[in-house]
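A.B. asks: Below is the structure I would like to discuss, written out as C-alpha cells.
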Amino acid sequence: MMFIFMLQTFQVMSQETRQSVFTTIHQRKSVRQYQDKPVPKEKTDTLLRAAMAAPTARNIQPWLFYVITSRKILDQLAEELPYAKMLAQAPMAIVVAGDTKKGNPNEEQIHNWTLDCAAATQNLLLAAEALGLGAVWTGVYPYKERIAAVSKALGLPGHIIPLNIIPIGYPLLDDRPKDKWDPEKVKWVE
Ligand SMILES: Cc1cc2nc3c(=O)[nH]c(=O)nc-3n(C[C@H](O)[C@H](O)[C@H](O)COP(=O)(O)O)c2cc1C
C-alpha cells in the first residue's frame, strides 16, 4: 500500500517537473531592462551549475564563466559593445568563454568550444527564467572588436575566447516571450 502511494506521489511529482521544464522553455525571453537590485550569490551559483550541466563534445567541458559584478567593468563594456548597452543597468553579467587549448585542435573539431559554450549559455538562460531573473545573450564571438574589448576588460589570454556576455538582473518590465513556432520549418523524413 505504502509502495503504491510512494509510486503515485513520484509520478505526480515527475509530471509536475516535466510541466515546469516546458513552461520555463516557452517562457524564456530576452530581458534587457533590470531593477536596481543585486542577484543573490545562491542564484548565481544555481545559474552556473545549470550552465555546466550542458552537453559537451567528448565531455571536454572547454567552458569558463566570468561573473562580473564590478560596476566599473560593466559600464566600460556597455560603452564599448554596440549591442550590449543594457550592461549599464545590469547588476551583473556572465561572460561565457571557451578555452581553445582544451580538446583536439584538429581542423574538424577546432570549433567545438563554440557549440559547447552555446549549449551552456542556453542552460544558463533557462535557469535564469526559472529563477525569476531576466537575461539576454549578447554576441561577442565572432566579432574581432568585441572579442578584443571583452578580453582586454577581463585580462584574458589569447587562447580563451569570449562567446558572449549575458547581462542578468531582476526584470524591470513584464517582457513576454515571442511565439516562434512555425510548422513550415519542420520537414518530416519518413
Ligand atoms: C548568437 C546570438 C547573439 C545575440 N546577440 C545579441 C546582442 O548582441 N544584443 C541583444 O540585445 N540581443 C542579442 N541576442 C538576442 C536575440 O536578439 C534574441 O534571442 C532574439 O531576438 C529572439 O528573442 P527572444 O530571445 O526573446 O526569444 C543574441 C542572440 C543570439 C543567439
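A.B. asks: From the cross-link list K85/K187; K85/K144; K29/K187, which pairs have alpha carbons spaced over 29 Å apart?
C.D. replies: Long pairs (Cα-Cα over 29 Å): K85/K187.
A.B. asks: Something else about it: Using θ = phi - 60° and the Karplus form 6.51 cos²θ - 1.76 cosθ + 1.60, what ³J(HN,Hα) does each residue of the stretch 123-128 get, whole Hz, x for Gly and Pro?
C.D. replies: Calculated HN-Hα couplings, in order: 4, 5, 5, 5, 4, 4 Hz.
A.B. asks: Then there is this: Two-decimal Rg/Rh of the stretch 48-169 from alpha-carbon positions, Kirkwood Rh?
C.D. replies: My calculation of the ratio gives 0.96.
A.B. asks: Cβ under 14 Å from H159's Cβ, H159 left aside: what net charge do those residues give with Lys, Arg +1 and Asp, Glu -1?
C.D. replies: Result for the local shell: +1.
A.B. asks: What does the charge add up to near Q33, with Lys and Arg as +1, Asp and Glu as -1, over the other residues with Cβ less than 15 Å from its Cβ?
C.D. replies: +2
A.B. asks: Quote the relative contact order of the stretch 32-190 in percent (integer), defining contacts as alpha-carbon pairs under 8 Å separated by 6+ residues.
C.D. replies: Relative contact order, the stretch 32-190: 33 percent.
A.B. asks: Provide the per-residue ³J(HN,Hα) series for the stretch 134-144, in order, calculated from phi with Karplus coefficients 6.51, -1.76, 1.60 and θ = phi - 60°, each as a whole number of Hz, with x at glycine and proline positions.
C.D. replies: Using θ = phi - 60°, the values come out as x, 8, 8, 6, 10, x, 10, 6, x, 7, 4 Hz.
A.B. asks: Still on this structure, I have one more. Please turn the phi angles of the stretch 46-63 into ³J(HN,Hα) values with the Karplus equation 6.51 cos²θ - 1.76 cosθ + 1.60 (θ = phi - 60°), one per residue in order, whole Hz, x for glycine and proline.
C.D. replies: Those phi angles translate into 4, 4, 5, 5, 5, 4, 6, 8, 5, x, 8, 3, 6, 6, 6, 6, x, 7 Hz.
A.B. asks: Note down the net charge around Q122, summing +1 for each Lys or Arg and -1 for each Asp or Glu among other residues with Cβ under 15 Å from its Cβ.
C.D. replies: +2
Bear in mind these aren't lab numbers, they're just calculated from the coordinates by the rules spelled out. Keep in mind it's a predicted model, so treat the numbers as computed, not measured. Cβ coordinates were reconstructed from backbone atoms using ideal geometry, including for glycine residues, and neighbour counts include every protein chain displayed.
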